[in-house]
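*Asks:* Starting off with a structure, shown below.
The values are calculated or read from the model by the stated rules, or taken from the named source; none is laboratory data. Everything quoted here is computed from the prediction, not taken from an experiment. No Cβ is skipped: glycine too gets one built from the backbone with ideal geometry, and neighbour counts run over all protein chains shown. Accessible surface is based on the protein model in full, side chains and every heavy atom, while ligands, DNA and RNA are left aside. Shrake-Rupley method; radii C 1.70, N 1.55, O 1.52, S 1.80 Å.
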Amino acid sequence: QKEVEQNSGPLSVPEGAIASLNCTYSDRGSQSFFWYRQYSGKSPELIMSIYSNGDKEDGRFTAQLNKASQYVSLLIRDSQPSDSATYLCAVNIQGGNTPLVFGKGTRLSVIA
Amino acid sequence: GAVVSQHPSRVICKSGTSVKIECRSLDFQATTMFWYRQFPKKSLMLMATSNEGSKATYEQGVEKDKFLINHASLTLSTLTVTSAHPEDSSFYICSATDRGAYGYTFGSGTRLTVV
(Lines give C-alpha, C1' and ligand atoms only; values in the text may rest on other atoms or scores of the structure.)
Protein backbone atom coordinates (compact mmCIF):
# COMPACT_ATOMS: atom_id res chain seq x y z
CA GLN A 1 0.00 0.00 0.00
CA LYS A 2 1.46 3.29 -1.13
CA GLU A 3 1.01 5.73 1.74
CA VAL A 4 1.60 9.35 2.55
CA GLU A 5 1.31 10.26 6.20
CA GLN A 6 0.68 13.62 7.80
CA ASN A 7 -0.23 14.73 11.28
CA SER A 8 -3.83 15.87 11.04
CA GLY A 9 -3.37 18.66 13.56
CA PRO A 10 -4.66 21.16 14.24
CA LEU A 11 -1.32 22.88 14.40
CA SER A 12 -1.65 26.27 16.06
CA VAL A 13 1.07 28.91 15.77
CA PRO A 14 1.08 32.58 16.69
CA GLU A 15 1.20 35.19 13.97
CA GLY A 16 4.76 35.85 12.87
CA ALA A 17 6.06 32.45 13.96
CA ILE A 18 7.40 29.63 11.78
CA ALA A 19 4.94 26.86 11.01
CA SER A 20 6.50 23.46 10.34
CA LEU A 21 4.47 20.85 8.49
CA ASN A 22 5.74 17.32 8.06
CA CYS A 23 5.04 14.41 5.77
CA THR A 24 6.42 10.91 5.36
CA TYR A 25 5.93 8.55 2.45
CA SER A 26 6.26 4.82 2.12
CA ASP A 27 7.61 4.29 -1.39
CA ARG A 28 11.35 4.83 -1.60
CA GLY A 29 11.22 5.18 -5.38
CA SER A 30 9.00 8.28 -5.28
CA GLN A 31 10.41 11.15 -7.32
CA SER A 32 8.11 14.15 -7.10
CA PHE A 33 6.64 15.85 -4.08
CA PHE A 34 4.08 18.60 -3.78
CA TRP A 35 2.54 20.76 -1.11
CA TYR A 36 -0.97 22.07 -1.66
CA ARG A 37 -2.96 24.51 0.42
CA GLN A 38 -6.71 24.03 0.68
CA TYR A 39 -9.02 26.57 2.23
CA SER A 40 -12.36 25.33 3.53
CA GLY A 41 -14.79 24.85 0.66
CA LYS A 42 -12.14 25.51 -1.99
CA SER A 43 -10.01 23.33 -4.21
CA PRO A 44 -6.31 22.65 -3.53
CA GLU A 45 -3.79 25.26 -4.64
CA LEU A 46 -0.17 24.33 -5.37
CA ILE A 47 2.28 25.94 -2.96
CA MET A 48 5.55 24.16 -3.68
CA SER A 49 6.98 21.29 -5.63
CA ILE A 50 10.31 19.62 -4.87
CA TYR A 51 12.20 16.87 -6.65
CA SER A 52 15.74 16.82 -5.21
CA ASN A 53 17.13 16.38 -1.74
CA GLY A 54 17.62 19.58 0.15
CA ASP A 55 15.74 22.83 0.51
CA LYS A 56 13.72 24.82 -1.97
CA GLU A 57 12.62 28.32 -1.06
CA ASP A 58 9.85 30.46 -2.53
CA GLY A 59 9.03 33.61 -0.64
CA ARG A 60 7.93 32.69 2.89
CA PHE A 61 7.75 29.01 2.01
CA THR A 62 10.56 26.46 2.16
CA ALA A 63 10.13 22.84 1.18
CA GLN A 64 12.65 20.32 2.47
CA LEU A 65 13.16 16.84 1.07
CA ASN A 66 15.14 13.96 2.53
CA LYS A 67 14.76 10.90 0.35
CA ALA A 68 16.90 8.72 2.60
CA SER A 69 14.49 9.34 5.46
CA GLN A 70 11.46 9.43 3.13
CA TYR A 71 10.50 12.73 4.62
CA VAL A 72 9.31 16.01 3.17
CA SER A 73 8.42 19.15 5.08
CA LEU A 74 7.08 22.62 4.51
CA LEU A 75 8.16 25.62 6.56
CA ILE A 76 6.11 28.79 6.54
CA ARG A 77 7.98 31.80 7.87
CA ASP A 78 6.29 34.87 9.32
CA SER A 79 2.98 33.00 9.47
CA GLN A 80 -0.11 35.08 8.82
CA PRO A 81 -3.75 34.44 9.75
CA SER A 82 -4.41 34.09 6.01
CA ASP A 83 -2.15 31.02 6.04
CA SER A 84 -4.75 29.21 8.15
CA ALA A 85 -5.83 26.30 5.95
CA THR A 86 -5.32 22.59 5.46
CA TYR A 87 -1.99 21.70 3.90
CA LEU A 88 -1.86 18.60 1.76
CA CYS A 89 1.30 16.66 1.06
CA ALA A 90 1.15 14.82 -2.27
CA VAL A 91 3.56 12.39 -3.87
CA ASN A 92 3.86 11.15 -7.44
CA ILE A 93 4.80 7.59 -6.56
CA GLN A 94 4.45 5.75 -9.82
CA GLY A 95 5.93 8.41 -12.08
CA GLY A 96 4.59 9.77 -15.35
CA ASN A 97 1.02 11.02 -15.53
CA THR A 98 -0.19 8.87 -12.65
CA PRO A 99 -2.40 10.13 -9.84
CA LEU A 100 -0.84 11.85 -6.88
CA VAL A 101 -1.12 10.06 -3.56
CA PHE A 102 -2.30 12.55 -0.95
CA GLY A 103 -1.85 12.65 2.75
CA LYS A 104 -4.93 13.41 4.82
CA GLY A 105 -3.73 16.95 5.38
CA THR A 106 -2.61 19.04 8.34
CA ARG A 107 -4.91 21.79 9.53
CA LEU A 108 -2.92 24.93 10.37
CA SER A 109 -4.33 27.71 12.48
CA VAL A 110 -2.39 30.96 12.75
CA ILE A 111 -3.52 32.93 15.76
CA ALA A 112 -3.43 36.73 15.51
CA GLY B 1 1.03 29.39 -14.84
CA ALA B 2 -1.21 26.51 -15.77
CA VAL B 3 -4.92 27.17 -15.33
CA VAL B 4 -7.83 24.73 -15.26
CA SER B 5 -11.29 26.22 -15.56
CA GLN B 6 -14.10 24.19 -14.00
CA HIS B 7 -17.83 24.86 -14.45
CA PRO B 8 -20.29 25.15 -12.92
CA SER B 9 -19.01 26.15 -9.50
CA ARG B 10 -22.30 25.24 -7.87
CA VAL B 11 -25.27 23.24 -9.07
CA ILE B 12 -28.48 22.11 -7.45
CA CYS B 13 -30.44 19.41 -9.20
CA LYS B 14 -33.42 17.22 -8.53
CA SER B 15 -32.99 13.58 -7.66
CA GLY B 16 -33.00 11.42 -10.77
CA THR B 17 -31.63 14.03 -13.13
CA SER B 18 -28.15 14.19 -14.66
CA VAL B 19 -25.52 16.87 -14.19
CA LYS B 20 -22.50 17.60 -16.37
CA ILE B 21 -19.34 19.19 -15.02
CA GLU B 22 -16.71 20.58 -17.39
CA CYS B 23 -13.02 21.11 -16.93
CA ARG B 24 -10.93 22.97 -19.46
CA SER B 25 -7.19 23.49 -19.47
CA LEU B 26 -6.69 27.05 -20.67
CA ASP B 27 -3.01 27.31 -21.45
CA PHE B 28 -1.70 23.78 -21.72
CA GLN B 29 -2.68 20.44 -23.14
CA ALA B 30 -4.11 18.22 -20.45
CA THR B 31 -3.02 14.79 -21.56
CA THR B 32 -4.33 13.35 -18.32
CA MET B 33 -7.25 14.46 -16.18
CA PHE B 34 -8.16 13.24 -12.72
CA TRP B 35 -11.55 13.51 -11.07
CA TYR B 36 -11.93 13.69 -7.31
CA ARG B 37 -14.77 14.03 -4.87
CA GLN B 38 -14.51 15.41 -1.38
CA PHE B 39 -17.03 15.25 1.45
CA PRO B 40 -16.97 17.94 4.15
CA LYS B 41 -13.88 17.74 6.35
CA LYS B 42 -12.73 14.62 4.53
CA SER B 43 -9.80 13.85 2.27
CA LEU B 44 -9.79 14.03 -1.49
CA MET B 45 -10.97 10.77 -3.00
CA LEU B 46 -9.78 9.89 -6.49
CA MET B 47 -12.66 8.74 -8.65
CA ALA B 48 -11.05 8.18 -12.02
CA THR B 49 -8.14 8.93 -14.31
CA SER B 50 -8.66 9.74 -17.97
CA ASN B 51 -6.18 10.09 -20.77
CA GLU B 52 -7.18 12.02 -23.85
CA GLY B 53 -8.83 9.77 -26.39
CA SER B 54 -9.01 6.75 -24.09
CA LYS B 55 -11.58 5.31 -21.74
CA ALA B 56 -11.30 6.44 -18.17
CA THR B 57 -9.87 4.19 -15.48
CA TYR B 58 -12.13 4.15 -12.45
CA GLU B 59 -11.08 3.54 -8.87
CA GLN B 60 -12.50 0.60 -7.02
CA GLY B 61 -16.00 1.26 -5.81
CA VAL B 62 -16.75 4.05 -8.29
CA GLU B 63 -19.60 3.17 -10.63
CA LYS B 64 -18.50 3.90 -14.18
CA ASP B 65 -22.08 3.86 -15.48
CA LYS B 66 -23.08 6.47 -12.95
CA PHE B 67 -20.10 8.77 -13.30
CA LEU B 68 -19.48 9.15 -17.02
CA ILE B 69 -16.17 10.69 -17.97
CA ASN B 70 -15.33 12.00 -21.41
CA HIS B 71 -11.90 13.28 -22.36
CA ALA B 72 -12.28 13.75 -26.08
CA SER B 73 -9.78 16.58 -26.49
CA LEU B 74 -6.54 17.73 -24.95
CA THR B 75 -8.24 20.70 -23.34
CA LEU B 76 -11.62 19.40 -22.22
CA SER B 77 -12.86 16.68 -19.91
CA THR B 78 -16.38 16.25 -18.60
CA LEU B 79 -17.88 14.33 -15.71
CA THR B 80 -21.58 13.52 -15.93
CA VAL B 81 -23.33 12.36 -12.80
CA THR B 82 -26.26 10.33 -14.08
CA SER B 83 -29.49 9.75 -12.18
CA ALA B 84 -28.17 11.77 -9.29
CA HIS B 85 -29.29 11.00 -5.75
CA PRO B 86 -28.84 12.96 -2.53
CA GLU B 87 -25.89 10.77 -1.53
CA ASP B 88 -24.07 12.04 -4.64
CA SER B 89 -24.05 15.53 -3.13
CA SER B 90 -20.39 16.40 -2.75
CA PHE B 91 -17.56 18.65 -3.91
CA TYR B 92 -16.20 17.45 -7.25
CA ILE B 93 -12.77 18.60 -8.36
CA CYS B 94 -10.79 17.95 -11.51
CA SER B 95 -7.04 18.02 -11.86
CA ALA B 96 -5.01 18.08 -15.04
CA THR B 97 -1.45 17.50 -16.07
CA ASP B 98 0.58 17.51 -19.21
CA ARG B 99 3.84 16.46 -17.68
CA GLY B 100 2.95 14.29 -14.73
CA ALA B 101 5.72 14.48 -12.25
CA TYR B 102 6.23 18.16 -12.87
CA GLY B 103 2.83 19.69 -12.42
CA TYR B 104 -0.75 18.96 -11.50
CA THR B 105 -3.27 21.80 -11.60
CA PHE B 106 -6.65 21.69 -9.93
CA GLY B 107 -9.89 23.20 -11.13
CA SER B 108 -11.86 25.36 -8.73
CA GLY B 109 -14.34 22.62 -7.92
CA THR B 110 -18.08 22.07 -8.32
CA ARG B 111 -20.38 21.81 -5.35
CA LEU B 112 -23.23 19.50 -6.28
CA THR B 113 -26.37 19.39 -4.20
CA VAL B 114 -29.02 16.85 -5.10
CA VAL B 115 -32.46 17.53 -3.62
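*Asks:* At a 1.4 Å probe, what is the % contribution of carbon and sulfur to the accessible area of region A:53-108?
*Replies:* Result for region A:53-108: 46 percent of the exposed heavy-atom area is carbon or sulfur.
*Asks:* Show B:Ser77, B:Ser108 ordered by accessible area, largest first, where the area counts protein heavy atoms only and the probe is 1.4 Å.
*Replies:* Solvent-accessible surface, decreasing: B:Ser108, B:Ser77.
*Asks:* Moving on. Given the options B:His85, B:Tyr36, B:Ser50, identify the residue whose Cα lies farthest towards the positive end of the charge dipole of chain B (+1 on Cβ of Lys, Arg; -1 on Cβ of Asp, Glu).
*Replies:* Sorting the options by dipole projection puts first B:His85.
*Asks:* About its Cα centre, how strong a charge dipole does the protein assembly as shown have in debye, to the nearest 20, once Lys and Arg get +1 and Asp and Glu get -1 at the Cβ? Walk me through the intermediate numbers first.
*Replies:* Working: 22 positive and 19 negative charges, 78 e Å.
Using only the charged Cβ atoms, the result is roughly 380 debye.
*Asks:* With every protein chain kept in place and ligands, DNA and RNA left out, what is the accessible area per residue of region B:42-115? Probe 1.4 Å, answer in Å².
*Replies:* Spelled out: the 1.4 Å probe surface of region B:42-115, per residue, equals 46 Å².
*Asks:* A follow-up question, please. Taking a probe of 1.4 Å and counting only protein heavy atoms, give the total accessible area buried between chains B and A in Å², rounded to the nearest 100.
*Replies:* Protein heavy atoms only, the B-A interface buries about 1500 Å².
*Asks:* Nearest 0.05, what FRET efficiency do A:Ala17 and A:Thr98 give at R0 = 35 Å with Cβ-Cβ as r? Let's see the in-between values first.
*Replies:* Working: r = 36 Å, r/R0 = 1.04.
According to the calculation, E is roughly 0.45.
*Asks:* Hey, another quick one. Past the 25 Å Cα-Cα mark, which pairs from A:Lys2/B:Lys42; A:Lys2/A:Lys104; A:Lys42/A:Lys67?
*Replies:* Table pairs above 25 Å Cα-Cα are A:Lys42/A:Lys67.
*Asks:* Starting from the 7 Å offset along Cα-to-Cβ, what nm value, one decimal, do you get for the label separation of A:Ser26 and A:Glu5?
*Replies:* Those two pseudo-labels are separated by 1.0 nm.
*Asks:* If pairing requires two Cys Cβ atoms under 4.7 Å apart, which cysteines of chain B are left without a partner?
*Replies:* Those would be B:Cys13, since no other cysteine Cβ in chain B comes under 4.7 Å of theirs.
*Asks:* Hey, could you pull the Cα Rg and Dmax for chain A, both in Å?
*Replies:* 13.4, 42
*Asks:* Can you give me the Cα centroid spacing of region B:72-115 and region B:1-29 in angstrom?
*Replies:* Centre-to-centre distance over Cα atoms comes out at 6 Å.
*Asks:* Given a 1.4 Å probe and every protein chain left where it sits, what share in percent of the accessible area of region B:13-115 is carbon and sulfur?
*Replies:* Taking all protein chains in place, region B:13-115 shows 50 percent carbon and sulfur surface.
*Asks:* Please work out how much length the chain gains when fully extended from B:Leu68 to B:Phe39, using 0.36 nm per residue of separation minus the C-alpha to C-alpha distance, in nm with one decimal. Can you show the working numbers first?
*Replies:* Numbers: separation 29, 0.36 × 29 = 10.44 nm, distance 1.96 nm.
Computed gain between B:Leu68 and B:Phe39 is 8.5 nm.
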